[in-house]
Amino acid sequence: MSEQQPFFNIDRIYLKDLSLEIPNAPQVYAEREAPNFDISLRNEARPLDGGVFEVVLTATVTAKLKDKTAFLVEVAQAGIFQVRNVPQQELEAILGVTCGNILFPYLRESISSVVVRGGFPPFLLNHLSFEALFQQQRQQQRQADTAAPPTA
């Protein structure tokens, strides 16, 4: 009797959502100082059908000049991945780390492209360690599990 081999495949990579807001245009273009950036990132996975998963990497970048928003861009870069014959713990790592690493360059390019199309200098997200983010999320989940009161 032979074990089934682990299987991983990228079925599709696509831009799920894209939003650009420039609430203070055109006045914001007269500003000469460098903006401050606030960046948030979210990585979510959901099962679709028997070993097929959608993973969505979402980034929100807000650029502020003093108290004014220069721009706000949100990009949801998604992929459909087949992952079969792997233990649950490895599956979580594949969806959280491997898929994040695959989607990140597409997310980064989409943000940079839309920021330039909005009339601003290119903005590039720095590379992220999805391994570190995954470990941090696991640690937070363990802390939340131990802090939760037992149910009766």
**Message:** Against the condition farther than 20 Å from R138 by Cβ and not in a helix (DSSP H, G or I), how does S40 come out, does it pass?
**Reply:** no
**Prompt:** Which residues, taken from segment 45-57, are outside any strand (DSSP E or B) and at pLDDT 95 or above?
**Reply:** none
**Prompt:** So, in segment 104-152, of the ones that are touching a helix residue (DSSP H, G or I) at 6+ places or on another chain (Cβ under 7 Å) and in a loop (DSSP other than H, G, I, E, B), which residue ends up surrounded by the most Cβ atoms within 10 Å (Cβ to Cβ)?
**Reply:** F123
**Cβ-Cβ under 7 Å pairs, at least 6 apart or on other chains, segment 133-152 side closer than 15 Å to Q89 by Cβ, far side at pLDDT below 80 and charged (D, E, K, R)** = none
**Message:** Can you tell me which residue is surrounded by the fewest Cβ atoms within 10 Å (Cβ to Cβ) among those in segment 58-103 that are acidic (D, E) and assigned to a helix (DSSP H, G or I)?
**Reply:** E90
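The values are calculated or read from the model by the stated rules, or taken from the named source; none is laboratory data. Worth saying up front: this structure is predicted, and the values here are computed from it rather than measured. FYI the Cβ positions are ideal-geometry reconstructions off the backbone, even for glycines, and counts take in every protein chain you see.
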